[in-house]
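Heads up, the thing below is written out as structure tokens.
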């Protein structure tokens, strides 16, 4: 970590090779624990609440996690390659100023998720300690303060906390899963193949996919300190396995809990299902899931901080300091607390709509970012030019912006949310398949737009711009193979 200090000093700036450290397997506990908490559990109840049965909702959860994690894990591989946070990497595709579009989307995600987490945490605390009101503003703020403290110390301590939590959750989830298989008795209708219903199935599938995809906006924040020699294949699979197993496992716990007690809220349903297996297990599982909610809220604060600093750097180029990083964390904390404390009692029930909206907003970006990295520029970027307001990537990149707008517009007829349902979604009975449309449209438009780029000339400019940035880094840029 920057300069070996207890509090991380680096933020949106490039991580030099001399400061790279860690092992690639450290990625799996970060993303296993990143999914092993109450908010993930809430995703797994959607299919049941919409009328699906346990069998088909479970299948939808697994397929959705397989799909969304695929794209998320490819973003993780960009960290060791570039040594930069995820969002700042959007400048080559959208322009120095144009990247503000996707950063605004990212901020909505970070703050929105944390506000939801705070509300959910208060409900969980009420379940553990009935004297704490389910809507306690004090509980919400204290919860956020604990999460903020971990975000303040930064990258290394976040990794350490996630590793410890991963081992704890594996033990607890294993006990719950074995007990559920042999002890829990559910109505036969929950297992009937003829209980398939398209709308609950698709809603659950794409909610799970959206949730996993939403990590894409900051996944390489937690791989950027890894040594440059870490391969694409290694970082992909360690991220994929951690996020998929953690996400699918926790969502399935939510699915089982909802099937066992469909009328209870998320926290109460989970405790009820666990106590049916072993009295007292419910509180243990709930407490562990609450700890996971703290650490993932820390990741959200950390990502919001980096994004706010990126915005500030666009307005006026800044020199990264600990003070600026702390100020950005405080701003994210205040915004999240204001939304959580002022939220209505229906806020948790609108989580499904939040997931859907985030899916629509992230889908074009993830397509453009990955296509640019793996097919267009093939990992060849200039670190210095990414931070140059008058540099080779321009202030506004019409290619990325046009592809984003095209991908988003193409999805509108397929939207299926409470505020708006598109004509195609209505014809499908409310089923939402917008992601399947937005990804290829945004990727295709971007690829066509990039045909006019002189990539050889751009690579020469990038190499020249980074001369002296770091001798070893410059040598690796000339000799490294194309990402695969």
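The values are calculated or read from the model by the stated rules, or taken from the named source; none is laboratory data. On a predicted model such as this, the values are computed, not experimentally measured, just so you know. Counting neighbours? That spans all protein chains shown, and the Cβs are built from the backbone with ideal geometry, glycine included.
Here is a check on your reading of the model: is residue 46 surrounded by 23 or more Cβ atoms within 10 Å (Cβ to Cβ), closer than 22 Å to residue 289 by Cα and in contact (Cβ under 8 Å) with a residue 12 or more places away in the chain?
yes
Scan segment 353-362 and give yes if some residue there is modelled with pLDDT under 95, closer than 29 Å to residue 153 by Cα and assigned to a loop (DSSP other than H, G, I, E, B), otherwise no.
no
Go through (1) in a helix (DSSP H, G or I); (2) at pLDDT below 90; (3) crowded, with 16+ Cβ neighbours inside 10 Å one by one and return the number of the condition residue 343 breaks.
Among (1) in a helix (DSSP H, G or I); (2) at pLDDT below 90; (3) crowded, with 16+ Cβ neighbours inside 10 Å, residue 343 violates only (1).
In segment 65-99, how many are surrounded by fewer than 24 Cβ atoms within 10 Å (Cβ to Cβ) and over 27 Å from residue 395 (Cβ atoms)?
5
What's the number of the only condition in (1) under 30 Å from residue 318 (Cα atoms); (2) surrounded by fewer than 19 Cβ atoms within 10 Å (Cβ to Cβ); (3) at pLDDT 90 or above that residue 462 fails to meet?
(2)
Could you please give the count of residues in segment 416-441 that are part of a loop (DSSP other than H, G, I, E, B), under 22 Å from the mean Cα position of the chain (by Cα) and surrounded by fewer than 21 Cβ atoms within 10 Å (Cβ to Cβ)?
Summing the residues that are part of a loop (DSSP other than H, G, I, E, B), under 22 Å from the mean Cα position of the chain (by Cα) and surrounded by fewer than 21 Cβ atoms within 10 Å (Cβ to Cβ) in segment 416-441 gives 2.
List the residue pairs whose Cβ atoms are under 6 Å apart, where the first residue sits in segment 254-265 and is without any contact (Cβ under 8 Å) to a residue 60 or more places away in the chain, the second is assigned to a helix (DSSP H, G or I) and crowded, with 18+ Cβ neighbours inside 10 Å, and the two are 6 or more positions apart or on different chains.
261/269
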